[in-house]
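Take a look at the structure below.
The values are calculated or read from the model by the stated rules, or taken from the named source; none is laboratory data. Remember, predicted model here, so these are calculated numbers, not experimental data. Here the Cβ positions follow ideal geometry from the backbone for every residue, glycine too, while neighbour counts run over all protein chains shown. Side chains included, ligands, DNA and RNA excluded: accessible areas come from the protein's heavy atoms. Shrake-Rupley method; radii C 1.70, N 1.55, O 1.52, S 1.80 Å.
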Amino acid sequence: MPGIDFDISAIPVILTGVSVSPTTVLGTNTSTGTISLSGPAPQGGFNVNVTSSNPSVAYSATATVNVPFGISWVYFIVKTNAVSA
């Protein structure tokens, strides 16, 4: 009796996008960030480290954002500080 062969391969989930809206806000107001994945997050979730190129002006409320298991995107809060003209 011939055997049955299966070729099973997992496609890894990858980060496909990070966006912020609105992109311009008055100091001390917040903006909403969105993290997008190529598919649903794996068991245990998918962690994304979020940093700012200028943290004295804008920064994530949390340094690491977790996309929960089975979800392909999540929102996070971007906080801002007032800047002098």
- In the range 42-57, which residue that is more than 15 Å from the chain's Cα centre (by Cα) and within 17 Å of Asn81 (Cα to Cα) is surrounded by the fewest Cβ atoms within 10 Å (Cβ to Cβ)? Ser53
- Task: Could you check, for the range 65-80, whether at least one of its residues is open to solvent by 80 Å² or more (accessible area, probe 1.4 Å), modelled with pLDDT of 95 or more and in a loop (DSSP other than H, G, I, E, B)?
- Result: no
- Task: Just need a number here: residues in the range 15-41 that are in contact with a strand residue (DSSP E or B) (Cβ under 7 Å, 6 or more places away or on another chain), part of a loop (DSSP other than H, G, I, E, B), open to solvent by 60 Å² or more (accessible area, probe 1.4 Å) and in contact (Cβ under 8 Å) with a residue 12 or more places away in the chain.
- Result: 3
- Given the structure, is Thr62 in a loop (DSSP other than H, G, I, E, B), open to solvent by 80 Å² or more (accessible area, probe 1.4 Å) and over 27 Å from Ala10 (Cβ atoms)? no
